[in-house]
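Everything below concerns the one structure shown next.
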Amino acid sequence: IDKDKIRNFSIVAHVDHGKSTLADRLLELTGVIKPGTEQTQVLDQLQVERERGITVKAVTASLNYTYENKTYLLNLIDTPGHVDFSNEVVRSVTACQGVILLVDANEGVQAQTVAVHSLAKRNNMTIIPTLNKIDLPRADPDKVKTQLKSLFNFDPETVMSISAKKGWGVKELLEAIIKRIPPPPVSSDGHFRAHIIDTWHDKYRGVLCLAYIHSGKIQIGQAVKWLSETKQQTVKSLALLRPKEEPIDEATAGQVVMVGCGPKGGGSVGDQLLSTDYPLKEISTSTNHVKHMVYAGIFPADQSQHTLLSDAIKKLALNDSAVSMHPDSSPALGQGWRVGFLGLLHLDVFTQRLLQEYKAEAILTAPSVPYKVKVKGAKIIKQYKGDEVIITNPLLLPDPNNIEEYYEPFVIGTIITPVEYIGPVTTLCLDRRGSPLPTSAVDDKNTLMQFILPLSEIVVDFHDTLKSITSGFASFDYQDHGFHPSALARMDILLNGVLVEELSTIVHVSRLEYNARRLTEKLKEMIPRQMVQVAIQAVVGGKVYARETLKAYRKDVTAKLYGGDVTRRKKLLKQQAEGKKKMRSVANIKIPRNTFIDVLKR
Ligand code: GTP
């Protein structure tokens, strides 16, 4: 196919502004699905996506559309809207020359609209601003056009208006895609090179890849190689995704196709597939490094499920290249993993997929963020090849005497809110150690506020709190702002003077007292009374910040029994012994596994 007849684009929007509904309409108009079929939101294939109504994995669909007697190949590269999945968005946009920026004509511009707009802008993409849901009686297209003008400087004349639900204006939008978005800037001469934007696993055919072809062409049976390894491969599967597979024999530069090299063929996101004679020196190998913002421990619900969970996590990680995994173990929770995520929604979706797609039950510890420290003097930390260390496990924090500077990750949070909530939103953000940036008016009723916030302050319940103090009206999105100097310390929990490793945390110094009190009180409530008195202490560098005392209590399981029924008595003692196996013992203090789960869980 002639590359001038190819258009690669995606739809970006705030959650619920109608991306999937529009994708369905585009599929109908191009004859991929019959209008009015039951199966809506064809692109949202994963069960979790259907349940949550959000798009998680980027999926593509190749559509044919005839305009002015020419047939075009339109590649819709579906992107997840949420920030957490912005690495999926970023991967997809490398293959796109344009985006449809969809905005709900009733709700107007939201925080995420701002984020996806700046992403598209940064990548020099053609943006087609489009109002959706104009069928709604409360839709106010003129107001939203004014917002688009004042925030992004879009000429109101260029803004498209559609109702994805009713199909209004969708044909005009398809034509705008053809007219306004440029064809891919590639050449079909020369050596074949494609880069992988997605992978998934097929039982019989091994790894299947979604590839964007930069140059040359590819055929079934052709010999190819991965940039990452020298072994030669053969192209075994080649197809267009419409979005069902449509096998093809050949594909050329500018196209987005599915490629597979058989069960042992391999392939991973970010890798490149090349013709065997490709001049390697022409390739820049800069890879898009994923940055993990949130870490959590994942442990099997019980150790007999370890293998099951391990298999499940590995398979899921193949499909979700953004997670990082390291084995981790805890005396209380057993063998597990420390997993890095891009954000909280990413973590949520990952565990939900684990359950739904792989039937693995997992315990998740409270999420934490990575910190960074600079070590004093000329000390070089070997494994990091320098004097700066990223700390994802509080126990690995170097001795404070050796630390020159602590750093914590910050984000720029964008909040769009009705003006009457400016006060409470400001209070919330200042309370979370935020520093305000200049605000701008969205229109006469709404304002765009920005704050520099420590990531650790938003990972747990920021979004929920924001929603509740603004009656659900504010929207929030964030982008990475890097590591900045901070005052941090490690807080340990001691039981009768003995450290409980699982409960150590890294805390901002302004939060020490509050966290110390909260955690010791919670532990006092949850640890069952013991034969001895237990001192629960929260300690920072030898200084006690909070202390609770759990009174001694002798529990005699056989006390209730009278008379001499020996077998009954034995049975009770045996039950008690089995119960003890599920206990973690610290300084002879028995703590049930469930206590750890409750304290460590989100
Ligand atoms: P995420 O994948 O979570 O980002 O959502 P989305 O942007 O894909 O939104 P989706 O297509 O799921 O639409 C959200 C809701 O808006 C659904 O209930 C749709 O039926 C509804 N909706 C979408 N387009 C229109 C429209 O043009 N008019 C009206 N009235 N409702 C619409």
Quick one: would you say E521 is modelled with pLDDT of 90 or more and of a type in the set (D, E)? yes
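If we scan the stretch 162-178, do we find a residue that is closer than 21 Å to I416 by Cβ, at pLDDT 90 or above and surrounded by fewer than 20 Cβ atoms within 10 Å (Cβ to Cβ)?
Step one: of the stretch 162-178, the residues closer than 21 Å to I416 by Cβ are none.
Checked the stretch 162-178: no residue is closer than 21 Å to I416 by Cβ, at pLDDT 90 or above and surrounded by fewer than 20 Cβ atoms within 10 Å (Cβ to Cβ).
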If you take the residues in the stretch 464-485 that are without any contact (Cβ under 8 Å) to a residue 24 or more places away in the chain and at negative phi, which one is nearest to the chain's Cα centre (by Cα)? D464
Inspect all residues belonging to the stretch 41-54 and state whether any of them is at pLDDT below 90, farther than 30 Å from D142 by Cα, within 11 Å of the ligand (Cβ to nearest atom) and in a loop (DSSP other than H, G, I, E, B). yes
What pairs come out if I take residues in the stretch 497-519 that are over 19 Å from N393 (Cα atoms) and pair them with residues that are of a type in the set (S, T, Y) whose C-beta lies under 7 Å away, six or more apart or interchain? E513/Y545
Could you tell me whether the stretch 483-496 includes any residue that is touching a Leu at 6+ places or on another chain (Cβ under 8 Å) and within 30 Å of K143 (Cα to Cα)? no
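Would you pick out the residues in the stretch 5-33 that are of a type in the set (S, T, N, Q) and near the ligand (Cβ under 9 Å from one of its atoms)?
So the first thing to find is which residues in the stretch 5-33 are of a type in the set (S, T, N, Q), and the list is 8, 10, 20-21, 30.
S20, T21 - these are the residues of the stretch 5-33 that are of a type in the set (S, T, N, Q) and near the ligand (Cβ under 9 Å from one of its atoms).
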Here is a list: T71, T79. Which entry is part of a loop (DSSP other than H, G, I, E, B) and either over 21 Å from W168 (Cβ atoms) or at pLDDT 85 or above (or both)? T79
Test A211 against the stated conditions and say whether it is in contact (Cβ under 8 Å) with a residue 12 or more places away in the chain and more than 30 Å from the chain's Cα centre (by Cα). no
Could you run through the stretch 249-266 and say how many residues are touching a residue at least 40 places away in the same chain (Cβ under 8 Å) and either more than 13 Å from I196 (Cα to Cα) or not in a strand (DSSP E or B) (or both)? 10
For the stretch 533-554, does any single residue satisfy the condition of being of a type outside the set (F, W, Y), surrounded by fewer than 11 Cβ atoms within 10 Å (Cβ to Cβ) and either at pLDDT below 75 or touching a Ser or Thr at 6+ places or on another chain (Cβ under 6 Å) (or both)? yes
When every residue in the stretch 412-449 that is of a type in the set (S, T, N, Q) and either touching a residue at least 24 places away in the same chain (Cβ under 8 Å) or more than 30 Å from L512 (Cα to Cα) (or both) is compared, the one surrounded by the fewest Cβ atoms within 10 Å (Cβ to Cβ) is S440
What strands (runs of 3 or more DSSP E) lie completely within the stretch 94-212 and have 1 or more residues being within 12 Å of the ligand (Cβ to nearest atom) and touching a strand residue (DSSP E or B) at 6+ places or on another chain (Cβ under 7 Å)? 98-104, 126-132
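From the residues in the stretch 309-320 that are touching a helix residue (DSSP H, G or I) at 6+ places or on another chain (Cβ under 8 Å) and within 30 Å of G482 (Cα to Cα), which one is surrounded by the fewest Cβ atoms within 10 Å (Cβ to Cβ)? Step through it out loud before you land on a result.
As a first pass, look at the stretch 309-320 and keep what is touching a helix residue (DSSP H, G or I) at 6+ places or on another chain (Cβ under 8 Å): 309, 311-313, 315-316, 320.
Remaining after also requiring within 30 Å of G482 (Cα to Cα): 313, 316, 320.
Values: I313: 22, L316: 19, D320: 22.
Ranking the qualifying residues of the stretch 309-320, first place goes to L316.
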Segments classed as strands (runs of 3 or more DSSP E), wholly inside the stretch 399-466, with at least 2 members that are within 24 Å of P367 (Cβ to Cβ): 403-418, 446-454
Qualifying residue in the stretch 536-552 (condition: farther than 28 Å from N402 by Cβ and of a type in the set (G, A, S)): yes
Apart from one, (1) touching a helix residue (DSSP H, G or I) at 6+ places or on another chain (Cβ under 7 Å); (2) part of a strand (DSSP E or B); (3) under 30 Å from T365 (Cα atoms) all hold for V269; the odd one out is (2)
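With a cut-off of at least 2 residues that are more than 32 Å from the chain's Cα centre (by Cα) and among the charged types (D, E, K, R), name the strands (runs of 3 or more DSSP E) lying wholly within the stretch 504-554. If you could, list the steps in order and put the result at the bottom.
Details: elements: 505-508, 534-540, 543-550.
Filter on the stretch 504-554 gives 543-550.
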Among (1) farther than 17 Å from I422 by Cβ; (2) assigned to a loop (DSSP other than H, G, I, E, B); (3) not basic (K, R), G472 falls short only on (1)
Within the stretch 167-192, the residues that are of a type in the set (D, E, K, R) and under 32 Å from the mean Cα position of the chain (by Cα) are R180
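The values are calculated or read from the model by the stated rules, or taken from the named source; none is laboratory data. The model shown is predicted, which means the values in this text are computed figures rather than measured ones. In this analysis, Cβ positions are derived from the backbone assuming ideal geometry, glycine residues included, and neighbour counts consider all displayed protein chains.
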